[in-house]
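**Student:** This is the structure, below, for whatever I ask next.
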Amino acid sequence: MPQTLAAPLLRAQCASILVAAGSAPAEAQQVADNLVLANLSGHDSHGVGMLPRYVDAIAEGGLTPNAGIQVNVDIGTMLAIDGQHGFGQIVGVQAMELGIARAKQHGSCIFTLASAHHLGRIGHFAEMATAQGLVSMHFVNVLSRPNVAPWGGGDGRFGTNPCCIGIPLAGAEPFLLDFATSRVAQGKMRVAHNKGERVPDGYLIDERGMPTNDPGVVVVPQGKGLFGALMTFGEHKGYGMAVACELLGGALTGGGTWHRPADAARTVLNGMLTVLIDPAKLGTQAAFAQEANAFVDWLRQSPPAAGVDHVLIAGEPERAARVARERDGIWLDDATWGEIVASGAKVGVTVKAA
Ligand code: NAD
């Protein structure tokens with residue numbers, strides 16, 4: 001049955017599964033908090049629904065509980081960091097804490113993070129930086145089943161490679177742009193498939209490379225066991241962005257790019273290039289604060305299109321979702337809740353919705 005759970009209960013249930021799977025209590029709590037925050041932010045595709053995958057990835061050996069970052073190169077403003085297959089929610093935060101301290105000290109910091117297990121919502125890291133007044137840019141690749149097709153291509157060759165830009169706004173909440181470079185998230189196709197829905201044109205190709213409206217092509221194996229693929233957003237431009245994320249997040253970090261046939265592994269690894277800038281050190285802070293706010297106000301004054309309340313700034317939908325879901329609880333569909341219960345059972349934990 002679908003369930004609606006209050007955030008604190010969901011956090012506690014997830015943390016108990018993670019402890020049973022091998023995490024120390026503090027790690028389990030931090031990972032659970034991060035996943036529930038993704039649900040609260042409206043991004044269920046990166047929330048507690050990932051937990052069963054994490055439990056399987058630990059069993060597979062691709063995710064190492066209680067691992068921390070290893071800094072391989074440190075020249076002050078440039079860091080090469082290895083996530084050592086630790087939880088992305090842990091090693092990503094450790095890498096960001098280090099990068100933020102360096103950007104505060106020197107004015108900027110560029111770091112690579114290789115071999116992190118799934119980093120979840122990349123916006124989480126940009127939120128850490130903008131809270132300290134820093135600009136934060138992230139280019140990420142995904143080493144998992146390649147489910148996104150190159151523009152003009154006929155099968156999946158890379159992952160949903162997210163890109164994120166956080167910009168602090170003086171006296172206001174930040175601009176927080178955080179998106180997958182696929183037209184739509186894989187998780188949203190699973191939900192549509194489970195509901196028997198069709199999806200709009202331009203989202204998908206089938207296993208023969210033909211356009212389709214059937215989300216099942218990326219959810220269940222099709223002819224000869226092959227999957228279809230998601231399209232990138234923005235046609236050739238989104239495709240270019242996805243490739244940039246693979247080259248920067250996968251190749252430049254040393255974590256690796258995807259160039260092999262799909263496998264059935266449950267492990268998801270991310271590589272991330274991060275660029276942090278402190279406007280206070282750049283000497284433009286006063287102009288930056290004034291011009292950024294003036295521009296955002298100008299955008300907000302645009303007359304709303306038909307059916308739209310008002311123009312939004314990136315980051316606002318997530319903040320609004322947090323208010324609503326903290327109040328109303330987090331709704332989990334039947335399949336997601338069933339997978340969490342089954343995952344708990346695998347490690348000897350009985351999960352309850354109340
Ligand atoms: P999405 O399509 O919902 O786009 C989200 C972005 O668009 C946000 O910045 C949001 O504030 C902004 N936005 C939404 N509506 C808006 C509007 N009306 N006006 C202005 N801005 C608006 O998100 P997505 O592409 O499905 O990505 C969801 C999450 O998945 C992200 O947090 C991303 O980091 C994460 N992700 C992670 C991985 C990984 O491997 N770790 C891979 C892919 C995606």
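**Student:** List the number of the failed condition for Met96; all other conditions in (1) touching a helix residue (DSSP H, G or I) at 6+ places or on another chain (Cβ under 6 Å); (2) in a strand (DSSP E or B) hold.
**Tutor:** (2)
**Student:** Any residue at all in the range 278-290 that's at pLDDT 95 or above and not in a helix (DSSP H, G or I)?
**Tutor:** Yes, the range 278-290 has at least one match.
**Student:** All but one of (1) in the same structural domain as Ile110 (by TED's automatic domain parsing); (2) in a loop (DSSP other than H, G, I, E, B); (3) farther than 30 Å from Ala7 by Cβ hold for Thr267; state the number of the condition that does not hold.
**Tutor:** Of everything listed in (1) in the same structural domain as Ile110 (by TED's automatic domain parsing); (2) in a loop (DSSP other than H, G, I, E, B); (3) farther than 30 Å from Ala7 by Cβ, Thr267 misses just condition (3).
**Student:** Return the only residue of Ala101, Ala114, Ala149 being more than 13 Å from the ligand (Cβ to nearest atom), touching a strand residue (DSSP E or B) at 6+ places or on another chain (Cβ under 9 Å), of a type in the set (A, V, I, L, M, F, W, C) and free of Cβ contacts under 8 Å to residues at least 24 places away in the same chain.
**Tutor:** Details: Ala114 fails: free of Cβ contacts under 8 Å to residues at least 24 places away in the same chain; Ala149 fails: free of Cβ contacts under 8 Å to residues at least 24 places away in the same chain.
Just a single option satisfies the conditions, and that option is Ala101.
**Student:** Same structure again: Which members of the range 321-354 meet the condition of being without any contact (Cβ under 8 Å) to a residue 12 or more places away in the chain and either within 15 Å of Ala7 (Cβ to Cβ) or surrounded by 13 or more Cβ atoms within 10 Å (Cβ to Cβ) (or both)? It would help to see each step written out before you state the result.
**Tutor:** First pass over the range 321-354, keeping only residues without any contact (Cβ under 8 Å) to a residue 12 or more places away in the chain: 323-324, 327, 338, 341, 345, 350.
Val323, Ala324, Arg327, Gly338, Val341 - these are the residues of the range 321-354 that are without any contact (Cβ under 8 Å) to a residue 12 or more places away in the chain and either within 15 Å of Ala7 (Cβ to Cβ) or surrounded by 13 or more Cβ atoms within 10 Å (Cβ to Cβ) (or both).
**Student:** Does Val19 fit the bill of being under 21 Å from Ala114 (Cα atoms), hydrophobic (A, V, I, L, M, F, W, C), not in a loop (DSSP other than H, G, I, E, B) and not assigned by TED's automatic domain parsing to the domain that holds Gln94?
**Tutor:** no
**Student:** Could you look through the range 284-319, keep only residues that are touching a residue at least 24 places away in the same chain (Cβ under 8 Å) and not assigned by TED's automatic domain parsing to the domain that holds Cys164, and pick out the one that is surrounded by the most Cβ atoms within 10 Å (Cβ to Cβ)?
**Tutor:** Checked the range 284-319; the qualifying residue surrounded by the most Cβ atoms within 10 Å (Cβ to Cβ) is Gly315.
**Student:** Same structure, new question: Residue check, Pro200 against (1) within 14 Å of the ligand (Cβ to nearest atom); (2) within 26 Å of Gly123 (Cα to Cα), all met but one. Which one?
**Tutor:** Among (1) within 14 Å of the ligand (Cβ to nearest atom); (2) within 26 Å of Gly123 (Cα to Cα), Pro200 violates only (2).
**Student:** Which numbered condition trips up Leu63, out of (1) closer than 17 Å to Ser343 by Cβ; (2) more than 16 Å from the ligand (Cβ to nearest atom)?
**Tutor:** Every listed condition holds for Leu63 apart from (2).
The values are calculated or read from the model by the stated rules, or taken from the named source; none is laboratory data. None of the values given here were measured: they were computed from a predicted structure. With ideal geometry, Cβ positions are generated from the backbone for all residues, glycine too; neighbour counts draw on all protein chains shown.
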